[in-house]
Amino acid sequence: MRQIKFKHIGYADVRGGGQVNVQGNVCFVGHISPPEGTTILDVSDPANPRLLSHLSVPSTSHSHKVRVGGDLMLINNEAYPEFTIAPGFQGGVRIFDISRPDQPKEIHFLRTGGRGVHRFDFDGRYAYLSTEIEGYQGNILVTYDLADPSRPEEVSRWWLPGQWTAGGETPAWEGGVRHRVHHGLRRGDYIYVSLVHAGMAIVDVTDFSNPKTVCRHPLHGLFTHTVVPTRGAGGRGDYVLTVDEGWWDMEGWATSVDVTDRAAPKIVDEFKLPRGEEMGIWAAHQPHEDVVDGLLFLAWFSHGLRVLDVSDPTRLVEAGNWLPPMRTEFGPLSNDIFVDQAKQRIYLIDRLRGLDILEYSL
């Protein structure tokens with residue numbers, strides 16, 4: 001069984017983060033609570049992260065998610081606090097030129113609707129937004145083409161049948177927006193979509209203008225946060241690794257689903273923390289959104305960094321863990337993670353305070 005070793009090499013004392021992304025030697029942190037918006041750091045010397053620039057937001061919104069691709073940075077604009085829309089609030093995505101990361105310049109504000117954009121994906125050309133849109137109940141998946149970032153063009157929409165209330169659809173579920181898009185990750189011709197309490201879906205976008213559902217699974221009915229595709233042992237078979245977000249009163253875990261037969265996806269393994277580790281929030285939040293050398297790196301709230309060996313998706317095994325120091329009275333609350341595979345570095349952001357930088361080795 002593989003075992004991962006960790007070495008702590010750096011720390012940035014920033015306010016709580018919702019997402020961390022790294023491009024080259026520049027690290028981008030989206031913050032949970034206003035007025036903190038987005039922090040951009042130079043991490044060329046990871047032992048001494050250096051502030052390059054910082055963006056603030058008004059008290060009625062937050063921009064806790066950030067994606068970068070080339071010279072573009074996208075940050076979300078979502079109502080804050082959750083489910084509260086202040087007069088004059090506008091939801092959407094702000095698009096920046098970061099050719100000079102110390103001087104980010106806003107190019108365009110892409111307005112969507114309702115509470116705005118939650119989590120999203122961006123590949124440098126297309127943005128895949130989880131957002132509220134007028135006429136739909138809860139967040140749906142909307143894709144935009146940013147070939148000209150000053151004039152984004154909508155490409156397509158995908159939603160759960162029942163969400164399009166303006167089109168005459170009626171939700172078949174109770175609980176309002178409990179069934180909605182959390183976010184989608186595009187990998188090749190497919191988008192892997194997490195659906196909160198409705199499980200997961202795989203959407204074929206071979207024809208970008210006409211996305212088609214090819215696979216659905218209800219999972220556990222918990223808060224499915226992220227869906228990451230992977231291959232089976234020896235490269236045989238298709239699987240997805242799903243992470244259910246837990247909170248103080250919820251449980252959550254990582255699940256492996258065999259989706260080789262799109263018509264009959266099936267759960268093949270699950271990973272939970274061992275008994276006796278229930279302090280604080282014992283469930284996971286967010287993984288690094290790609291499998292790295294057969295490993296899935298996860299931000300596991302009160303239990304810091306957890307790494308699963310998923311080289312055989314039918315047998316999920318923990319390969320290592322690392323717990324950040326106590327920096328607040330609530331202890332560590334690891335919220336998001338980014339892995340720089342080339343440098344074998346891990347960037348782990350806390351929900352309340354601090355960015356830890358680690359090196360890993362086998």
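Yes/no per residue for (1) under 30 Å from HIS108 (Cα atoms); (2) touching a Cys at 6+ places or on another chain (Cβ under 6 Å); (3) crowded, with 16+ Cβ neighbours inside 10 Å:
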position: GLN137; (1), (2), (3): yes, no, yes
position: GLU154; (1), (2), (3): yes, no, no
position: TRP159; (1), (2), (3): yes, no, yes
position: GLY168; (1), (2), (3): no, no, no
position: GLU174; (1), (2), (3): no, no, no
position: VAL196; (1), (2), (3): yes, no, yes
position: SER209; (1), (2), (3): yes, no, no
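Scan region 271-287 for residues that are modelled with pLDDT of 75 or more and of a type outside the set (S, T, N, Q) and the total you get is 10. Checked against (1) of a type in the set (Asp, Glu); (2) part of a strand (DSSP E or B); (3) surrounded by fewer than 21 Cβ atoms within 10 Å (Cβ to Cβ); (4) within 18 Å of the chain's Cα centre (by Cα), GLU78 passes all but condition (3).
Scan region 301-311 and give yes if some residue there is of a type in the set (Lys, Arg) and over 25 Å from ARG67 (Cβ atoms), otherwise no. No, there is no match, as no residue in region 301-311 is of a type in the set (Lys, Arg) and over 25 Å from ARG67 (Cβ atoms). For region 155-210, taking the residues that are part of a loop (DSSP other than H, G, I, E, B) and within 20 Å of GLU251 (Cα to Cα), the one that is farthest from the chain's Cα centre (by Cα) is identified as GLY175. Taking (1) touching a Gly at 6+ places or on another chain (Cβ under 8 Å); (2) crowded, with 16+ Cβ neighbours inside 10 Å; (3) assigned to a strand (DSSP E or B); (4) not aliphatic (A, V, I, L, M) in turn, ASP13 satisfies each apart from (2). Checking THR131, THR60 one by one, the residue that is in contact (Cβ under 8 Å) with a residue 40 or more places away in the chain and within 22 Å of GLY17 (Cα to Cα) is THR131 and no other. The requirement of being surrounded by 16 or more Cβ atoms within 10 Å (Cβ to Cβ) and in contact with a helix residue (DSSP H, G or I) (Cβ under 7 Å, 6 or more places away or on another chain) is not satisfied by SER334.
Only one of the numbered conditions (1) surrounded by 13 or more Cβ atoms within 10 Å (Cβ to Cβ); (2) at negative phi is not met by GLY294, and that is (2).
Looking across region 333-362, the residues that are touching a strand residue (DSSP E or B) at 6+ places or on another chain (Cβ under 8 Å), of a type in the set (A, V, I, L, M) and farther than 19 Å from HIS31 by Cα come down to LEU358, LEU362. Within region 10-69, the set of residues being more than 17 Å from the chain's Cα centre (by Cα), among the β-branched types (Val, Ile, Thr) and within 17 Å of ARG94 (Cβ to Cβ) comprises THR39, ILE40, VAL57, THR60.
Condition check ((1) in contact with a strand residue (DSSP E or B) (Cβ under 9 Å, 6 or more places away or on another chain); (2) under 26 Å from HIS285 (Cβ atoms)) across all residues:
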{"residue": "PRO87", "(1), (2)": "no, no"}
{"residue": "VAL93", "(1), (2)": "yes, yes"}
{"residue": "SER99", "(1), (2)": "yes, no"}
{"residue": "GLY116", "(1), (2)": "yes, yes"}
{"residue": "PRO152", "(1), (2)": "yes, no"}
{"residue": "GLY162", "(1), (2)": "yes, no"}
{"residue": "ALA166", "(1), (2)": "no, no"}
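Within the option set LEU55, LEU51, LEU41, being aliphatic (A, V, I, L, M), surrounded by fewer than 16 Cβ atoms within 10 Å (Cβ to Cβ) and in a strand (DSSP E or B) holds for one residue only, LEU51.
Would you mind listing the strands (runs of 3 or more DSSP E) fully within region 282-362 where at least 1 residues are of a type in the set (Gly, Ala, Ser) and touching a Lys or Arg at 6+ places or on another chain (Cβ under 7 Å)?
Strands (runs of 3 or more DSSP E) meeting the threshold: 317-322, 353-361.
Screening PHE83 on (1) modelled with pLDDT of 95 or more; (2) among the aromatic types (Phe, Trp, Tyr); (3) in a loop (DSSP other than H, G, I, E, B) shows it passes everything except condition (1).
Would you please name the residue that is farthest from GLY331 (Cα to Cα), looking only at residues in region 211-268 that are acidic (Asp, Glu) and in a loop (DSSP other than H, G, I, E, B)?
Filtering region 211-268 for residues that are acidic (Asp, Glu) and in a loop (DSSP other than H, G, I, E, B), the one farthest from GLY331 (Cα to Cα) comes out as ASP261.
Report whether or not ASP261 is in contact with a Gly (Cβ under 9 Å, 6 or more places away or on another chain) and modelled with pLDDT of 95 or more. Judged against the criteria, ASP261 is not a match. Within region 86-104, the residues that satisfy the criterion of being of a type outside the set (D, E, K, R) and either part of a loop (DSSP other than H, G, I, E, B) or farther than 17 Å from TYR144 by Cβ (or both) are ALA86, PRO87, GLY88, PHE89, GLN90, GLY91, ILE98, SER99, PRO101, GLN103, PRO104.
The values are calculated or read from the model by the stated rules, or taken from the named source; none is laboratory data. Keep in mind that what you see is a predicted model, and the values were worked out from it rather than measured. Here the Cβ is made from the backbone with ideal geometry for all residues, glycine too, and neighbour counts use every protein chain on show.
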